[in-house]
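Here the structure comes first, spelled out in structure tokens, and everything after it is commentary.
We did not get these values from a lab; they are worked out from the coordinates using the rules stated. If you're wondering where the values come from, they're calculated on a predicted model, not measured in any experiment. All Cβ positions, even for glycine, are placed from backbone atoms using ideal geometry, and neighbour counts span all protein chains on display.
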Amino acid sequence: MIAGIYNYREARTMKNKPLAINLFLIAAAVAVRSGAQTTQSHPELCGRPDASIPVPDGVRWQPLPNSDTFTSTLFLQNRDGGESGIDLETWPSMDQICPIPGDQLVLFGKFNDNYGIERINRTTAAVIDIFEGRNPMMSPNQHWLIMRPYRHFRSQRSNSEEYMLYDLTVDAAKNRMPGLTALTGALTGRPVYPVPNDGMPFDFEDQPPEVTHEFQSDAFHWAPDSSTVVFADSVMDRLSIVVVQIQPNGPTTLVLPVDVSGICKRQVDDSADYAIPTLTGIDFASSESLVVNFETSPSCKSTQMTLFLRDFQKPKPEVHVPPKMSPAPLNGVQFN
């Protein structure tokens, strides 16, 4: 059972939502009404990529009745046969409803590159937490969720990455690190890479090139036993494989640089940097090694290589200076 229930009504009013979330809701509310549905088309979001996961018995989602409202409704059957309704943030569709331990539901609704994610306590018919992220992927044991942070699809700020690990067994407050600011308040979980020098989530946009990270995987790849999650990341033309090990005292991050000169061609521009391949598969061959697969592209060849965990090292902590920004309008809305 979840230790505490997030006070959804107090924390999620339109008045005190971060601007980025308001913009997400406004954009989703004007999406085409006819496309609203529960697809259950992404079981990998539940940590079960090879499973068929139907909508749980006693659960149904009713999309927004019109574009003038910001809520859809989740209905949960009570023990007496009646239903309890929960007002949810609005999405054009409900892509996946995941039943997980602790009598929880985790809901995923996608809009552009972002997923709206809500955790529901079925026993009390209450919202535990609500947040946004890109490329979310649940661990097979359904304890963890790793993701990239929310980014507005029309943001003109340069984009870096910050990979966040979220604990699905604790309440909302325990997934918010202390000291969050107006620019980092929407970041949920703890940053596992890059490793900040102070351990705190940071403003990941408009960072200088030497600390601007790019996601170079088709997805996050979890080990079958949920002990490890692997992905690829690059800074400029330097590619690294990142391994996050889940341990009792907290996650440990290890990285290994990969030479791409034998995989990809140089780019035809002034930089003369090599193209960067995309990681598309991991074979967790043993407790000591990984077999990684890179996809074929016009600039890179399909490649498989074996990497040994003894060659990975802890990354050097990075210092992220808050960028200097001047207010700039985004579709007529003041957006920093």
Using the Cβ atoms and a cut-off under 13 Å, what net charge is assigned to the surroundings of D311, where Lys and Arg are +1 and Asp and Glu are -1?
0
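Mind sorting W144, W222 by how few other Cβ atoms lie within 10 Å of their own Cβ, fewest first? Present the calculation step by step, with values, prior to reporting the outcome.
Details: W144 22, W222 25.
Exposure proxy ranking, most exposed first: W144, W222.
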Restricting to aspartates and glutamates and to Cα separations under 15 Å from K174, and discarding same-chain partners fewer than 8 apart, the set is D129
Cβ-defined net charge surrounding D167, 9 Å radius [Lys, Arg +1; Asp, Glu -1]:
+2
Kindly put M138, M164, M236 in sequence by how many other C-beta atoms sit within 10 Å of each C-beta, fewest to most.
M236, M164, M138
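What ranking, highest mean first, results for peptides 174-182, 227-235 when packing means the other Cβ atoms within 10 Å averaged over each residue?
Result, highest mean Cβ count within 10 Å first: 227-235, 174-182.
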How much net charge surrounds P209 when only other residues with a Cβ under 12 Å from its Cβ are counted (Lys, Arg +1; Asp, Glu -1)?
-4
Nonlocal amide H pairs with E161, under 5 Å, H built at 1.01 Å:
H213
Name the residues of segment 192-228 whose amide N is less than 17 Å from a point 7 angstrom out from the Cα of T278 along the C-beta direction?
214-221
Quick one: what are the phi-derived ³J(HN,Hα) couplings along segment 165-170, Karplus 6.51/-1.76/1.60 with θ = phi - 60°, whole Hz, x for glycine and proline?
10, 10, 9, 7, 9, 10
Long-range amide H contacts for N114: which residues qualify at under 5 Å (H placed 1.01 Å from N, peptide plane, sequence gap of 5 or more or a different chain)?
none
